[in-house]
Structures are given as structure tokens and as C-alpha cells.
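One structure below.
What follows draws every value from the coordinates through simple rules; no lab data is involved. Small disclaimer: the values here were computed from a predicted structure and weren't measured.
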């Protein structure tokens with residue numbers, strides 16, 4: 001798996017497995033950042049947000065959007081559909097069903113060849 005392509009490129013298509021693997025990697029690194037915050041005592045007691053975890057959350061926006069855009073491409077839609085996540089409740093459910101569970105378009109589409117084939 002090309003991790004650089006997975007987390008930095010907005011072009012092409014990825015399948016469900018690649019997207020979920022990318023999300024798992026981001027979640028594990030986030031967990032490590034939060035543990036480091038606890039170990040170093042860099043957590044603000046009132047907000048519960050740590051410096052390391054907060055910085056990672058900001059930095060991880062880019063790779064997450066890159067993952068989602070490629071997944072939308074696999075569904076035959078523009079990467080701009082990632083913005084649907086901002087619609088309360090319905091947006092997350094829509095994203096989860098479309099990107100997380102439904103198969104991409106079979107064969108090549110305007111975004112590239114089928115990643116599963």
C-alpha cells in the first residue's frame with residue numbers, strides 16, 4: 001500500500017478496505033498523541049484537550065479529506081461530497097453508508113481505473 005499516496009493525494013480512487021485502513025492509522029496515531037499528552041501532563045484540565053492531541057487533530061484534517069475524496073471518486077462522485085459531513089446527523093450517516101459500506105463503481109470511471117480490479 002502506498003501510504004504517501006493514500007494520505008496526500010486527492011486524485012484517483014481507493015476501495016473501502018484502503019479507506020478503513022487509513023482511518024485506523026489516523027485513529028491509532030491520535031490515540032498515541034492523547035496518551036503522550038497524559039504522560040507529559042500537557043492536557044488542559046477544563047477542556048480536556050492536550051497540546052499534542054490538538055495539534056495532531058489539526059494536522060490530520062488534510063489526510064482525512066484526501067482519503068474521503070478518493071473514496072467519493074470511487075463512488076463516481078466529486079471529492080467535494082466530503083463536505084456533506086458538516087450537515088448535522090444526516091451528513092455523517094450519508095458519508096458512512098456511501099463511503100464506508102457501498103462498493104465503488106465497477107470498471108474505470110472519470111477518476112481512474114477500478115482499484116478493486
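The C-alpha atoms of the chain define a longest principal axis, and helix 16-40 lies at about 10 degrees to it.
Helix 61-74 and the longest principal axis of the C-alpha atoms of the chain enclose an angle of approximately 20°.
Helical runs (DSSP H, four residues minimum) scored at -39500 (n - 2.57) apiece and divided by the length of the chain put the mean residue ellipticity at 222 nm at -16000 deg cm²/dmol. Of the options (i) 38, 23, 19; (ii) 51, 32, 19; (iii) 40, 33, 26, only one is Cα extents along the principal axes in Å as computed from these coordinates, and that is (ii). Build a GNM of the chain with springs between Cα atoms under 10 Å: which of 29, 97, 65 gets the top mean-square fluctuation? Most flexible of the set in this elastic network: 97.
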